[in-house]
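The values are calculated or read from the model by the stated rules, or taken from the named source; none is laboratory data. These figures come from a predicted structure and were not determined experimentally. Backbone-built Cβ (ideal geometry, glycine too); neighbour counts: all protein chains shown.
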Protein chains: 2
Amino acid sequence: MENLIRYAEKLFDEVEIAVYRSRDVSASVELNEISMASARSGAVTIVRGIKDKRLGLAIVDSDDEKRVKEAIEQAAKMAGLNSRDEKWVSLPEPGKYREKPEPNYELKEASSDVLVEMLVNAIKLARKDDEHVIVAGGEGGVSWEERRIINSHGVDVFQEGGAAFFFIELVGKKGNTVTPGIFDFDARRDLNLDVEGVVEKAVQKVRWAYSVSPSRNEEVPVILAPWAIAGLFSYALLPAFSGERLVKETTPLADRVGERIAGDAITLYDDPFHPLSIDPVVADGEGVPTRRNVIIEDGVFKGFIWDNYWARIHGTESTGNGKRDLRSGGINIGFHNVVIENGKRSLEDMIADIEHGYFVDGFQGAHTSNPDNGNFAVTANPAFLIENGEVVGSSVFLIAGNVYELLKQAAETSSEQRVMPFRNTMTTPYVMFENVRIAGK
Amino acid sequence: MENLIRYAEKLFDEVEIAVYRSRDVSASVELNEISMASARSGAVTIVRGIKDKRLGLAIVDSDDEKRVKEAIEQAAKMAGLNSRDEKWVSLPEPGKYREKPEPNYELKEASSDVLVEMLVNAIKLARKDDEHVIVAGGEGGVSWEERRIINSHGVDVFQEGGAAFFFIELVGKKGNTVTPGIFDFDARRDLNLDVEGVVEKAVQKVRWAYSVSPSRNEEVPVILAPWAIAGLFSYALLPAFSGERLVKETTPLADRVGERIAGDAITLYDDPFHPLSIDPVVADGEGVPTRRNVIIEDGVFKGFIWDNYWARIHGTESTGNGKRDLRSGGINIGFHNVVIENGKRSLEDMIADIEHGYFVDGFQGAHTSNPDNGNFAVTANPAFLIENGEVVGSSVFLIAGNVYELLKQAAETSSEQRVMPFRNTMTTPYVMFENVRIAGK
């Protein structure tokens, strides 16, 4: 790779080569049967070079020297055809990395057999727990990735690691009642996925869903489950923390650093090294050291996250949040593992305190949220009715609101925390919001 | 491959091995600059075996004998763990194929250089035609695919071929007016993509879009452009033609064969051999011969399309519409190239006849359509206002309706036809619908 950088340096003022090797095994369930097992592996190399402030970028799905060389030449040709990006400053310089976590090599060799067995077991357990349950869907997967990022300023970092995940979707059919699809899941850096726990939690939710209650317009305490929070925040809130949006004036948080934007209960940071993280990277997609970036501390907004390009334009430093998009080859500002800090009491204790309210497991329509102002309109489904400290049934309702108003209503976070490999990986507790205005459906 | 089938036959009652080798080169534009060039290639092998009516399916991203053998064993293990599918009849028998079209080997060797040049030229042309235009996005691509499907009943078919496509998205900024994103595109089985024509058409639409007119509630003639038709029909109409939905009773067309469901002007069929088709396959994803399947003839519904599995359950024959999903490995009922027959007059002549109406280039929100009943609610954007036989500006409005009511309002199709590599590949003319109820926005 070093000789390829030397070769590329002759064609560019500065250049970066990033190599990603991956291996994925997976297995799927459809309607109570294993529908597929797969094994995939491959390599992708991305060359990003700058000549006279003109950018060239080429992608090739190989780490073969000859093909990478062709990609370097392709990128150089492209740079020659593009016009100058006057905003360009430079690629990152080497930084000081944290100590790399020990990779779990068991994941590198995992076979889909393990996943098939896991899923067969999950189907058996679910249908034993409740004969009215159909395992409508599900998947287990193990991924392994090796990344090397090297640039002409001396950045050279190699990282490897893997993760395993597992989810099921149950539907209960009892009498005339058909429940909505009920999900549960687990994700870890080893193969000890909690199949029994996932099935138990999902079946419990199906049981709640058999008893359907109407909803009405009212203001109630609402507990959002991790999956609901990840869905809503990924679209309505997290984009607003991007430095690119600060520069482009498309975040409502400009000039609000130091202001209270959430209830005391909310501390939110990005950190790939959180114990539950499934991807503890020491460097981001362009080789900048990752770190713990606090974004909201006890309700107070602390600042934005940056990649190298936008940070330099703004006159600040990358926070290690340059994420590589393997399809476009480019670097976008993104999160490694968004953590909402957990609280002291269990979810059960939090529910026990609610006289009348809801526990929302998932939102539909979160992708229509507007991160420019935080407005959202979502359907809470599945949502569970809490009466006198106990879940007594399920319901469906709408919440149309603003994520910043919602954040101020955040009153408590649970002691349990779960990691979700969603659009952005998030590690979050259950969060209770007070006086949430809901619309009956 | 034959020896692998022999090996697999020992483990299954019947078995199929499908190998897909592909090569793709592409280049992209973002904000007037070439943002990326890429070259990817790979192989995927899918093994589908049945033992005692139990299905096993394994995917491996290789055509290497050793790895395919592992996939065969994986599939056999899975079949052993699954329960019986009592509905299973058998894999297809060999059929008689049409003569294969001569592949264009120029596409097999294409380099992304050609695409980069094409895009650079498009940017230059667009900005020369109209200095207020930004080429917000765009992509050019050339793909090549080699497929072999072989099964234990004697099916053994090899096909190869390629296609090239090209699209641009323009935004015009003039005074305080910012137009919506305006698309145009071309797709062919050779490299003679009509860059100048695409740019000219897109720039023309941007010019129309500078002059924005309000819309109001009314009933008007509306001409839908191919892109709008492909968007709406892919979600609201085409799924209803699937034999699987007939069996599952989720199509509104059951018992309606022979009935008039559209205006006389509408003849709709599926045929990979249409001259504009970009994928003229002689066999579908499970090796069944493809053919011209007429679905609507002069407004009359003629019948459903089938893959092998659902056809045998229904007691009929596959129509050659088993499409392979390379992610799940499975076969789904799908289309090769949905053709709406063209008419006699040009789009220009059709527009010249309209005193007051609209020409709709694209729909937003078509994916929310309900194929169970044909209901849809979409935003027409970009839409262009026609007054006294000429396009005079642009507008935005809503259409909430039912696709079968719309079909009956179809009055004329243009002589021009265009092929769109959309969700389903469609080859369609511009279609004029009478008395369409629109809601102003």
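Does B:Glu169 satisfy the criteria of being in contact with a Phe, Trp or Tyr (Cβ under 6 Å, 6 or more places away or on another chain) and without any contact (Cβ under 8 Å) to a residue 40 or more places away in the chain? So B:Glu169 fits the description; yes. Right, B:Ser111: modelled with pLDDT under 95 and either buried (at least 19 other Cβ atoms within 10 Å of the Cβ) or within 30 Å of B:Pro180 (Cβ to Cβ) (or both) or not? Spelling it out, it is not the case that B:Ser111 is modelled with pLDDT under 95 and either buried (at least 19 other Cβ atoms within 10 Å of the Cβ) or within 30 Å of B:Pro180 (Cβ to Cβ) (or both). Condition test on A:Asp63, is it farther than 30 Å from A:Ile278 by Cα, more than 24 Å from the chain's Cα centre (by Cα) and either away from chain B (no Cβ under 13 Å) or of a type outside the set (Lys, Arg) (or both)? No, not satisfied.
Please verify whether A:Val68 is within 12 Å of chain B (Cβ to nearest Cβ), farther than 28 Å from A:Gly287 by Cβ, surrounded by 17 or more Cβ atoms within 10 Å (Cβ to Cβ) and of a type outside the set (D, E, K, R), treating the condition exactly as stated. So A:Val68 fails the test. Please verify whether segment B:116-124 includes one or more residues that are in contact (Cβ under 8 Å) with a residue 40 or more places away in the chain, part of a strand (DSSP E or B) and crowded, with 20+ Cβ neighbours inside 10 Å. No, segment B:116-124 contains no residue that is in contact (Cβ under 8 Å) with a residue 40 or more places away in the chain, part of a strand (DSSP E or B) and crowded, with 20+ Cβ neighbours inside 10 Å. Would you check which residues across segment A:1-53 are over 21 Å from A:Val155 (Cβ atoms) and among the charged types (D, E, K, R) and list them? Listed by number, the residues that qualify are A:Arg23, A:Asp24, A:Glu30, A:Glu33, A:Arg40, A:Asp52.
Could you go through segment A:271-278 and let me know if any residue there is of a type in the set (D, E, K, R) and out of contact with any Ser or Thr (no Cβ under 8 Å at 6 or more places or on another chain). The answer is no, given that none of the residues of segment A:271-278 is of a type in the set (D, E, K, R) and out of contact with any Ser or Thr (no Cβ under 8 Å at 6 or more places or on another chain). When B:Ala202 is tested against (1) assigned by TED's automatic domain parsing to the domain that holds B:Ser112; (2) on the phi > 0 side of the Ramachandran plot, just one condition goes unmet, and that condition is (2). Within segment B:300-317, the set of residues being part of a loop (DSSP other than H, G, I, E, B) and in contact with a Leu (Cβ under 8 Å, 6 or more places away or on another chain) comprises B:Phe304 only. Take the conditions (1) in a helix (DSSP H, G or I); (2) of a type in the set (A, V, I, L, M, F, W, C); (3) away from every other protein chain (no Cβ under 14 Å); B:Ile149 misses just one of them, which is (1). Annotation: A:Val300 fulfils all but one of (1) crowded, with 21+ Cβ neighbours inside 10 Å; (2) away from chain B (no Cβ under 14 Å); (3) in contact with a strand residue (DSSP E or B) (Cβ under 6 Å, 6 or more places away or on another chain); the unmet one is (1).
Candidates in segment B:74-92 are the residues that are crowded, with 16+ Cβ neighbours inside 10 Å and not aliphatic (A, V, I, L, M); of these, the one that is farthest from the other protein chains (Cβ to nearest Cβ) is B:Pro92. Going through segment A:396-415 one residue at a time, which ones are surrounded by fewer than 23 Cβ atoms within 10 Å (Cβ to Cβ) and among the polar types (S, T, N, Q)? Those that are surrounded by fewer than 23 Cβ atoms within 10 Å (Cβ to Cβ) and among the polar types (S, T, N, Q): A:Asn402, A:Gln409, A:Ser415.
Being away from chain A (no Cβ under 14 Å), under 25 Å from the mean Cα position of the chain (by Cα) and surrounded by 15 or more Cβ atoms within 10 Å (Cβ to Cβ) narrows it down to one residue among B:Gly140, B:Gly95, B:Gly161; which is it? Answer to the selection: B:Gly161.
The residues in segment A:45-57 that are more than 17 Å from A:Arg148 (Cβ to Cβ) and within 10 Å of chain B (Cβ to nearest Cβ) can be counted, and the count is 4.
Of the helices (runs of 4 or more DSSP H) lying entirely inside segment A:164-265, those containing at least 3 residues that are surrounded by 15 or more Cβ atoms within 10 Å (Cβ to Cβ), at pLDDT 95 or above and more than 18 Å from the chain's Cα centre (by Cα) are A:195-210, A:243-247. Residue count for segment A:98-114 under the criterion of being within 22 Å of the chain's Cα centre (by Cα) and within 14 Å of chain B (Cβ to nearest Cβ): the result is 0. Within segment B:283-297, the set of residues being touching a Gly at 6+ places or on another chain (Cβ under 9 Å) and either surrounded by fewer than 21 Cβ atoms within 10 Å (Cβ to Cβ) or part of a strand (DSSP E or B) (or both) comprises B:Ala283, B:Pro289, B:Arg291, B:Asn293, B:Val294, B:Ile295. Just so you know, in segment A:350-374 the residues that are in contact with a helix residue (DSSP H, G or I) (Cβ under 9 Å, 6 or more places away or on another chain) and of a type in the set (Ser, Thr, Tyr) include one that is nearest to A:Ser234 (Cα to Cα), and it is A:Ser369. Within segment A:397-410, the set of residues being out of contact with any Pro (no Cβ under 8 Å at 6 or more places or on another chain) and of a type outside the set (S, T, N, Q) comprises A:Phe397, A:Leu398, A:Ile399, A:Ala400, A:Gly401, A:Val403, A:Glu405, A:Leu406, A:Leu407, A:Lys408, A:Ala410.
Restrict the check to segment B:285-292 and report whether at least one residue is hydroxyl-bearing (Ser, Thr, Tyr), in the same structural domain as B:Gly322 (by TED's automatic domain parsing), closer than 26 Å to B:Leu224 by Cβ and under 21 Å from the mean Cα position of the chain (by Cα). No - not one qualifying residue is present in segment B:285-292. Looking at this structure, is B:Ala136 in a helix (DSSP H, G or I), among the small types (Gly, Ala, Ser) and at pLDDT 95 or above? The answer is no for B:Ala136. Residue selection: A:Ser38 satisfies the criterion of being within 31 Å of the chain's Cα centre (by Cα), within 12 Å of chain B (Cβ to nearest Cβ), closer than 30 Å to B:Arg21 by Cβ and in contact (Cβ under 8 Å) with a residue 40 or more places away in the chain.
Each row is one residue, and each column tells you yes or no for (1) surrounded by fewer than 24 Cβ atoms within 10 Å (Cβ to Cβ); (2) among the hydrophobic types (A, V, I, L, M, F, W, C); (3) touching a strand residue (DSSP E or B) at 6+ places or on another chain (Cβ under 9 Å).
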site: A:Val339; (1), (2), (3): no, yes, yes
site: A:Asn342; (1), (2), (3): yes, no, yes
site: A:Ala366; (1), (2), (3): yes, yes, yes
site: A:Asn370; (1), (2), (3): yes, no, yes
site: A:Ala377; (1), (2), (3): yes, yes, yes
site: A:Val391; (1), (2), (3): yes, yes, yes
site: A:Ser394; (1), (2), (3): no, no, yes
site: A:Gln417; (1), (2), (3): yes, no, yes
site: A:Val436; (1), (2), (3): yes, yes, yes
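Test A:Ile278 against the stated conditions and say whether it is assigned by TED's automatic domain parsing to the domain that holds A:Pro371, hydrophobic (A, V, I, L, M, F, W, C) and part of a loop (DSSP other than H, G, I, E, B). Yes, satisfied. Residues in segment A:387-441 that are small (Gly, Ala, Ser) and either modelled with pLDDT under 95 or not in a loop (DSSP other than H, G, I, E, B) (or both): A:Gly393, A:Ser394, A:Ser395, A:Ala400, A:Gly401, A:Ala410, A:Ala411, A:Ser414, A:Ser415, A:Ala439, A:Gly440. Among the residues of segment B:24-50, which ones are charged (D, E, K, R) and surrounded by fewer than 19 Cβ atoms within 10 Å (Cβ to Cβ)? Hits for segment B:24-50 are B:Asp24, B:Glu30, B:Arg40.
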